[in-house]
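As C-alpha cells, the structure follows; a few thoughts come after it.
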Amino acid sequence: MIQIGLKLRFQDSYDMAVAAGVVQYARKKSDWQVRGQGPWFFSLDMEELSSCDALIARIEDDEQALFYASLGIPVVDIAGSSSLKLFCQVRNDDYQTGVSAGSYLKDLGSKQMAWCGVDQVHWARERFIGFLSSTSIRADQVESFSRPLAWWRQLYERSEELEAWLAGLKKPVSIFCCNDLSAMKVELACQRLAIKIPEQVMVLGVDNETLLCELASPSISSIQPDCRQIGYQASAMLDAILSSKISGIHIQRIAPGKVTERESTLFAQYEDEHIAQALRLIKAEAVRGLCAKDVADQAGICRRALEMRFRKYRNRSIWEEITHEKLEQACLMLMQSELSVDSVREACGFGSIHRFYNLFKRAYGCTPTAYRMQLQP
C-alpha cells in the first residue's frame with residue numbers, strides 16, 4: 001500500500017473540507033492508504049512522517065517548509081504561505097480572492113478602504129495585491145494593519161494598537177480582512193469602541209468559517225475558498241508525481257467562490273441616500289417577491305427619479321438590480337447546498353424554471369446545472 005500522509009491541523013473547516021477532497025480522490029485509488037491526525041484516519045505523528053511515501057501538507061512558514069523538504073518524499077503544499085518554492089502547490093487563488101473582495105466592496109459604494117493582514121505569508125500578500133488591483137488604489141493610499149498569524153490567533157486578547165488604528169480611520173470605511181480570524185478580532189475591537197458595524201465600518205473576511213462567522217455579532221461576510229477542490233486536485237497532483245507523469249515545481253490555483261453575505265456588509269455607502277437605502281432593501285428582500293415599485297416606495301422617491309439614479313450610479317435598472325441579487329443568491333445556494341435546481345429557483349423567487357434558466361445562462365454563460373457541476377471535483 002502507498003502511504004499518503006495528510007498533515008493538517010484539523011482545527012477549522014478549511015482543513016476538514018480539504019481532507020474531504022483528498023478522501024474523495026483516494027477512494028479511486030485501491031492502493032492508497034491515507035494517514036492523518038484524528039479518529040478518522042490511520043495514525044500519523046511526527047515520527048511516522050518519514051515512513052510515508054508522499055505528503056499533502058498545510059505548510060505555514062519557511063521553517064516548516066525546510067522541515068518537510070528534509071523528509072525526502074514528494075510533498076504537495078495546500079497553503080501557499082512559505083516564500084520558499086520547494087514543493088508543488090495546489091491552493092486557493094489568493095490574487096483573485098483579493099480582486100473579488102475589492103470588486104464586492106466597490107459595488108457597495110465604498111470610497112474609504114482599509115486592510116488587515118498577516119505578516120510574512122505569501123497568501124496574504126497576494127490577497128492584498130489583488131485587492132489593490134480591483135480598487136485601483138495604491139498601497140500607500142490604503143490604511144493597513146498587519147501582524148503575525150500567531151498574534152491574530154489570540155482572538156479575545158485586547159489590543160490597544162488595533163483599537164487606536166480603528167479609531168483613527170476615516171468613517172465610513174470598508175475593511176478587507178485577509179481571513180475570518182482577523183475579521184472577528186476587528187469586530188470585537190469595534191464593539192469595545194462602540195463603532196457601528198456596518199454603518200460606520202463594513203467588515204469582509206476570507207475562509208467562510210461558518211461557526212466563527214455566525215458567532216460574531218454582527219455576523220461576518222466572507223469569501224469561500226473551494227477547499228474540497230483544493231484537496232481533490234492536490235491528490236491528483238501527488239498521484240501524477242508518484243507515477244512520474246510530472247516533475248519539477250507546479251503551482252495550481254483554485255478559484256474561490258462568491259462572497260457569502262452576512263450582517264457585517266449588509267449596507268451601502270453611496271453618498272446618494274436614496275440609492276443606498278434602495279440597495280439595502282434589495283439585498284434584504286430581493287428573493288421575497290420585491291418589485292421596483294416597492295423599492296421606490298421604501299426609498300421615499302418617485303420610481304422614475306430612482307430609475308434615473310440607478311442608471312447613473314449602478315448602470316442598470318431597479319429590476320436588473322433585483323434580478324442580479326436573486327441570481328447571486330442562487331449561485332450561493334447551488335454552491336453551498338444540495339437543494340435541487342428547482343428548489344433553488346423557488347427559494348430565490350423565480351416563478352418559472354424556464355425563465356430562471358434563461359436569466360442564469362445570460363448572466364453566467366451556463367445553466368444552473370452546469371454551474372453546479374463545474375464546482376464538483
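Applying the condition of being among the polar types (S, T, N, Q) and part of a helix (DSSP H, G or I) to region 330-377 and asking which residue is nearest to Arg288 (Cα to Cα) yields Ser343. Scanning region 328-377 for residues that are open to solvent by 10 Å² or more (accessible area, probe 1.4 Å) and of a type in the set (A, V, I, L, M, F, W, C) yields a total of 14. Of all the numbered requirements in (1) farther than 15 Å from Thr260 by Cβ; (2) open to solvent by less than 30 Å² (accessible area, probe 1.4 Å); (3) acidic (Asp, Glu), Asp180 misses one, and that requirement is (1).
A quick yes/no check of all residues on (1) closer than 13 Å to Leu108 by Cβ; (2) touching a Phe, Trp or Tyr at 6+ places or on another chain (Cβ under 6 Å); (3) surrounded by 17 or more Cβ atoms within 10 Å (Cβ to Cβ):
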{"residue": "Ala234", "(1), (2), (3)": "no, no, yes"}
{"residue": "Met237", "(1), (2), (3)": "no, no, yes"}
{"residue": "Ala240", "(1), (2), (3)": "no, no, no"}
{"residue": "His250", "(1), (2), (3)": "no, no, no"}
{"residue": "Val259", "(1), (2), (3)": "yes, yes, yes"}
{"residue": "Ser264", "(1), (2), (3)": "yes, no, yes"}
{"residue": "Ala276", "(1), (2), (3)": "yes, yes, yes"}
{"residue": "Leu279", "(1), (2), (3)": "yes, no, yes"}
{"residue": "Ala284", "(1), (2), (3)": "no, no, no"}
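Consider region 100-123 and keep the residues that are of a type in the set (D, E, K, R) and touching a strand residue (DSSP E or B) at 6+ places or on another chain (Cβ under 9 Å). The one that is most open to solvent (accessible area, probe 1.4 Å) is Lys111.
Does Ala255 qualify as being free of Cβ contacts under 8 Å to residues at least 60 places away in the same chain and touching a helix residue (DSSP H, G or I) at 6+ places or on another chain (Cβ under 9 Å)? The answer is no for Ala255.
For (1) closer than 22 Å to Asp94 by Cβ; (2) in a loop (DSSP other than H, G, I, E, B); (3) open to solvent by less than 60 Å² (accessible area, probe 1.4 Å); (4) out of contact with any strand residue (DSSP E or B) (no Cβ under 6 Å at 6 or more places or on another chain), each residue gets a yes or a no:
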site: Ser247; (1), (2), (3), (4): no, yes, no, yes
site: Glu271; (1), (2), (3), (4): no, yes, no, yes
site: Leu290; (1), (2), (3), (4): no, yes, yes, yes
site: Lys312; (1), (2), (3), (4): no, no, no, yes
site: Arg316; (1), (2), (3), (4): no, yes, yes, yes
site: Glu321; (1), (2), (3), (4): no, no, yes, yes
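Restricting region 53-70 to residues that are touching a Ser or Thr at 6+ places or on another chain (Cβ under 8 Å) and part of a helix (DSSP H, G or I) leaves a set whose member that is surrounded by the most Cβ atoms within 10 Å (Cβ to Cβ) is Ala65.
Looking only at residues of region 295-304 that are assigned to a helix (DSSP H, G or I) and free of Cβ contacts under 8 Å to residues at least 12 places away in the same chain, we find that the one that is least open to solvent (accessible area, probe 1.4 Å) is Asp297. Each residue in region 131-152 was checked for being over 17 Å from Ala183 (Cβ atoms) and under 20 Å from the mean Cα position of the chain (by Cα), and 4 pass.
In the set (1) more than 30 Å from Ser235 (Cβ to Cβ); (2) of a type in the set (A, V, I, L, M); (3) modelled with pLDDT of 95 or more, the condition left unmet by Val99 is number (1). Inside region 71-84, residues that are assigned to a loop (DSSP other than H, G, I, E, B) and within 21 Å of the chain's Cα centre (by Cα) make up a count of 5. Annotation note: Cβ proximity below 8 Å between a residue of region 229-249 that is without any contact (Cβ under 8 Å) to a residue 12 or more places away in the chain and a residue that is of a type in the set (Lys, Arg) and in a helix (DSSP H, G or I) (sequence gap 6+ or interchain) occurs for no pair. Filtered by the rule that a residue be polar (S, T, N, Q) and either surrounded by 15 or more Cβ atoms within 10 Å (Cβ to Cβ) or assigned to a strand (DSSP E or B) (or both), region 190-204 gives a lone residue, Gln200. Does Ser50 meet the test of being hydroxyl-bearing (Ser, Thr, Tyr) and either assigned to a loop (DSSP other than H, G, I, E, B) or buried (at least 23 other Cβ atoms within 10 Å of the Cβ) (or both)? Here the answer is no, as Ser50 does not meet what is asked.
Can you find a residue in region 151-168 that is over 17 Å from Val118 (Cβ atoms), open to solvent by 30 Å² or more (accessible area, probe 1.4 Å) and not in a helix (DSSP H, G or I)? Looking for residues that are over 17 Å from Val118 (Cβ atoms), open to solvent by 30 Å² or more (accessible area, probe 1.4 Å) and not in a helix (DSSP H, G or I), one finds at least one in region 151-168, hence yes.
The values are calculated or read from the model by the stated rules, or taken from the named source; none is laboratory data. It should be emphasised that the depicted structure is a prediction, and the values quoted were computed from it without experimental measurement. FYI the Cβ positions are ideal-geometry reconstructions off the backbone, even for glycines, and counts take in every protein chain you see. Surface areas here come from the heavy atoms of the whole protein model, side chains and all, with no ligands, DNA or RNA. Shrake-Rupley method; radii C 1.70, N 1.55, O 1.52, S 1.80 Å.
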